[in-house]
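Here the structure is laid out as structure tokens; the discussion comes afterwards.
Each value in this text was obtained by applying a stated rule to the coordinates, not by laboratory testing. No experiment lies behind these values; they were computed from the predicted model shown. Virtual Cβ from ideal backbone geometry, glycine too; neighbours counted across all protein chains shown.
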Amino acid sequence: MNDMDPKEKAKQLIWEFLPLLEGWESKEKTELSKKLALICVNEVQQTNPTIKGNSDDLTTMIVQTKAYWRMVEAEIKNF
């Protein structure tokens, strides 16, 4: 699985966009950063990547990956 838990990954994605939004008010900046992070997560989900898991079974790895990114999405929305 990913080295970061979903909450850490959500924060990382949100914080990646904050420096790009200079000049925006704090609340607007955070909300826009969340929207941009959600766009990224959506793109990852649509490409259906695989990650290393505890199984050699490709289907299991795909399911683990989808579940991970759904949890990241939920964490972004709750941020």
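Put in order of Cβ neighbour count within 10 Å, fewest first, the listed residues 57, 5 become 57, 5. Only helices enter the 222 nm calculation for the chain: every DSSP H run of n ≥ 4 contributes -39,500 (n - 2.57), and dividing by all residues gives -23500 deg cm²/dmol, rounded to 500.
Computed from the alpha carbon atoms alone, the convex hull of the chain holds 75 Å³ per residue. You can think of it this way: the chain between residue 67 and residue 4 has 21.3 nm of extra reach, that is 0.36 nm per residue less the Cα-Cα gap. Mind grabbing the base-10 log of I(q)/I(0) for region 1-45 at q = 0.20, 0.21, 0.24, 0.33 Å⁻¹? Debye formula, identical points on the C-alpha positions, no solvent, two decimal places. Taking Cα atoms of region 1-45 as identical point scatterers yields -0.63, -0.68, -0.83, -1.18. In sequence order, region 14-24 has phi-based couplings of 4, 5, 4, 8, 4, x, 7, 10, 4, x, 7 Hz under the Karplus curve 6.51 cos²θ - 1.76 cosθ + 1.60, θ = phi - 60°, and Gly or Pro positions carry x.
Figure legend: label point modelled 7 angstrom from the Cα of residue 45 along Cα→Cβ; residues of region 57-77 with amide N under 12 Å from it are 66-77.
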